[in-house]
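Shown next, in structure tokens, is the structure this report addresses.
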Amino acid sequence: MVFYRKYRPQKIEELDSKEVREKLYNVLESSSVPHAFLFTGSKGLGKTSTARIVAKVLNCEKKTKGIEPCNKCEQCVSITNGTNMDILEIDGASNRGIDEIRDLREKVKLSPMSATRKVYIIDEVHMLTTEAFNALLKTLEEPPSHVVFILCTTEPHKVPGTIISRCLRIQFKRATEEELVRSFGKIIKKENLEAEEDALRLIANLSDGSFRDGAKILEEIVTLAKNKKITKELVEKNYSIASTQYQIAQMIKSLEEKDTKGGLGIVAKLASEGVEMGYFMQGLIETLHNSLLFKAGVEFSEDNSVLVMDNSKLEIGEIKRLIELLAKAKSELKYAVLPQLPLELVIVEWCSVAVGADHTSSVRGPVAPSSRPTSSVASPLRSLDGTPSSRATPRLDIKKETINIVQQGISNYSEHDALWTALVDKVKTYNHSIAGVLRGCSIKSYDGKKLLLQTNFKFHKDKLSEVKTEEVLENALRGITKKNVKIEIELKNR
Ligand SMILES: [Zn+2]
């Protein structure tokens, strides 16, 4: 019983994302189906499952509703089982050379054996070599009419523009909390189980926008629940520390509502669970920082949006003040009598200011307008979206000001903290879901050759130890340190 496989969508209407559904209906209902698609987005968002559905739509012998596949005819069944000789799935990572693509080019010319259309699904297409891309391009320029290519990639920026321009691009985004809760709810119902909605919500928060990750967690929890109702408590007991992101979201909610008791409650919980306060504050600052940039009109790259609490009720001025308070508290952490004290004081101070009061008068911390370095203005913007934003000129002043504040806060961080921030930021540009997991870890040691990470969860350790993930991490580290650094991940003893 693997939920992810069992409940994998088999029709367009079963896909989680409304945007993808609509785009596919539009394209596949038209008389001229494109010869090449490019599916982009992080891992676990259903690119390959969707590619198979497209293959079925193109080949189903007994379409039921409009263009939806029947999932019963010979073509449909063999595509679902992966035994259809005309639907070829190729892993770009292990078939990246010119010879493989030349071979493919020869076979492309042959007519399909039983299907109407041959469909080539090339996963991780960005891994192809330049020569292989050139060979592929020739096929895409003059594709035989019986062939459709579906190229999938987590890193579209590594795919040559000449290839991209010949494909119809569909972007897969992270599922929202609502979409995930709905999908998990369906599973619970079909499995004849019971679950609190809050429990599903927490699982959605833990899954970083990926249905696959979420379904995995749900399955683990179902096993733990032993046929009893799935409660939020049970999920928390087994996963709560993993979800620093969730705790951060809860903390921001408390701060928005000026809920002193709620905020202090979260701190107490974190402390009792042994969560490192500096790390938590760092996460809180980063999230607020993103929220600030978002509110100031900075465009984020497609995949970054999940990090931004764009529904935050806080005003720009409020976020700015919170970041100042937190940055100062973080710098005081070293000398704190109790590690949780600086954060607690921030919560008390913040929540004691009446809603709507003039925040600027009580600004404190290391921010003096005269000491703002002007040279550092652009770099944090670049690191977030790749290019300095030229949009929203009237708001630019706000951006400059706030970013400097964040920067000054960061100058108080230790060297490990700085490396950590840079690493998470860099990884974010490659793969959002890895960055999400990374946030749940901390640096244990770093000596210039080896970076030892610690995590509380086996789930995180497994994910970070995957070969491809390690590659991403080591590439990111190389980019930052200009050295070859080995990464190791260990489980914290709990
Ligand atoms: Zn069919």
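Kirkwood Rh and Cα-based Rg: tell me the resulting Rg over Rh for the stretch 416-491, rounded to two decimals.
Here the Rg-to-Rh quotient is 0.90.
Within the stretch 6-42, whose backbone N sits under 14 Å from a point 7 Å along Cα→Cβ of Lys186?
Answer for the stretch 6-42: 6-22.
How long is the gain from Lys6 to Val353 if the chain were fully straight, where each residue apart is worth 0.36 nm and the alpha carbon distance is subtracted?
In short, 119.8 nm is gained.
Just subtract the alpha-carbon distance of Glu29 and Glu233 from 0.36 nm times their residue separation and send over the number in nm, one decimal.
Here the segment from Glu29 to Glu233 would lengthen by 68.8 nm.
With unit charges on the beta carbons (Lys and Arg positive, Asp and Glu negative) and the dipole taken about the Cα centre of the stretch 3-171, which residue among Pro143, Val54, Thr130 sits farthest to the positive side?
Val54
Give the dimensionless ratio obtained when the Cα radius of gyration of the stretch 177-241 is divided by 2.2 N^0.38 Å. Spell out each step's value before the answer.
Numbers: Rg = 10.2 Å, N = 65, 2.2 N^0.38 = 10.7 Å.
That works out to 0.95 for the stretch 177-241.
Output the pairs from Lys18/Lys330; Lys118/Lys216; Lys23/Lys63; Lys47/Lys461 with a Cα-Cα distance over 30 Å in this structure; if there are none, say none.
Long pairs (Cα-Cα over 30 Å): Lys18/Lys330; Lys118/Lys216.
Take the Cβ-Cβ distance between Thr64 and Leu110 as r, set R0 to 51 Å, and report the resulting FRET efficiency rounded to the nearest 0.05.
Here the calculated transfer efficiency is 0.95.
Modelled label-to-label distance, Asp91 and Lys492, 7 Å Cα→beta-carbon offset: nm?
3.3
Identify the residues of the stretch 440-479 with backbone N under 19 Å of a label point that sits 7 angstrom from the Cα of Thr223 along the Cα-to-Cβ direction, or state none.
456-466
Glu131 versus Lys450, label points 7 Å from Cα toward the beta carbon: distance in nm?
Each label point lies 7 Å from its Cα, and together they span 3.8 nm.
Rank the residues Tyr279, Tyr335 as a footprinting-exposure proxy: fewest other Cβ atoms within 10 Å of their Cβ go first. Can you show the working numbers first?
Details: Tyr279 19, Tyr335 7.
The most exposed by this proxy come first: Tyr335, Tyr279.
Just want the answer: with Cβ charges of +1 for Lys and Arg and -1 for Asp and Glu, which residue in Ala93, Ala115, Pro9 is farthest toward the dipole's positive end in the stretch 3-171?
Pro9
How many percent of the alpha carbon pairs in the stretch 1-98 exceed a separation of 20 Å?
Working: 1884 of 4753 pairs.
Tail of P(r) above 20 Å: 40 percent of Cα pairs.
Would you tally the net charge around Glu471, using a Cβ to Cβ cut-off of less than 14 Å, leaving Glu471 out, and scoring K and R as +1, D and E as -1?
Overall, the nearby charge balance is +3.
List the residues, sorted by chain then number, that are 5 or more residues from Lys444 or on another chain and whose placed amide H is less than 5 Å from its amide H.
Leu452, Leu453, Gln454
By how many nm would the segment from Ile98 to Arg478 grow when fully extended, if each residue of separation counts as 0.36 nm and the alpha-carbon distance is taken off?
134.0 nm
The numbers here are math on the coordinates, done by the rules we state, and not lab data. Please read all numbers here as calculations on a predicted model, not as lab measurements. Methodologically, a virtual Cβ is constructed for each residue, glycine included, from the backbone with ideal geometry; neighbour enumeration extends over all protein chains shown.
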